[in-house]
1. Name the residues in the stretch 72-91 that are touching a strand residue (DSSP E or B) at 6+ places or on another chain (Cβ under 6 Å) and either at pLDDT 90 or above or polar (S, T, N, Q) (or both), would you?
2. Residues that are at pLDDT below 95, farther than 13 Å from Ala95 by Cβ and either touching a Pro at 6+ places or on another chain (Cβ under 8 Å) or not aliphatic (A, V, I, L, M) (or both): does the stretch 56-71 have at least one?
3. Taking the conditions exactly as written (in contact (Cβ under 8 Å) with a residue 40 or more places away in the chain, more than 17 Å from Leu71 (Cα to Cα) and either in contact with a Gly (Cβ under 7 Å, 6 or more places away or on another chain) or small (Gly, Ala, Ser) (or both)), does Ala19 satisfy them or not?
4. Taking the options Leu71, Leu64, name whichever one is touching a residue at least 12 places away in the same chain (Cβ under 8 Å) and surrounded by 13 or more Cβ atoms within 10 Å (Cβ to Cβ).
5. Do we find a residue being within 15 Å of Asp102 (Cβ to Cβ) and not in a helix (DSSP H, G or I) anywhere in the stretch 19-29?
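The values are calculated or read from the model by the stated rules, or taken from the named source; none is laboratory data. None of these values were measured; they are calculated from a predicted model. Every residue, glycine among them, receives a Cβ derived from its backbone with ideal geometry; neighbour counts consider all protein chains shown.
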Amino acid sequence: MKIKLIDIAHGRSGDKGDAANIGIIAYDDKGYEIIKKYLTAERVKRHFEGICFGKVERYELPNLRALNFILHNTLGGGGTVSLKHDAQGKTLAAALLRMELDF
């Protein structure tokens with residue numbers, strides 16, 4: 001079965017220097033169980049291949065039904081020095097929400 005992440009969650013993203021921060025928040029407990037099981041750091045890293053050149057860390061926030069991902073070496077040095085169009089990573093949550101999960 002396939003489901004788009006956007007159908008079960010919403011997200012926010014931003015920057016921490018050269019690292020992008022993406023929070024994915026499930027709409028309900030069932031959605032949280034799906035993202036907790038299937039939305040791994042490795043899948044996020046593959047999804048952002050060619051953009052994320054460092055490691056991806058995942059943090060679980062069960063009380064918020066959320067996962068937080070830190071994508072290191074992603075923003076070309078950060079907002080004040082990067083030549084990227086989205087040097088603060090504001091669009092990365094929207095890009096991740098287009099991911100399809102197979103389960």
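1. His72, Thr74, Gln88, listed by residue number.
2. The answer is no; no qualifying residue exists.
3. Taking the combined requirement at face value, the residue does not satisfy it.
4. Of Leu71, Leu64, the one residue that is touching a residue at least 12 places away in the same chain (Cβ under 8 Å) and surrounded by 13 or more Cβ atoms within 10 Å (Cβ to Cβ) is Leu71.
5. No, the stretch 19-29 contains no residue that is within 15 Å of Asp102 (Cβ to Cβ) and not in a helix (DSSP H, G or I).
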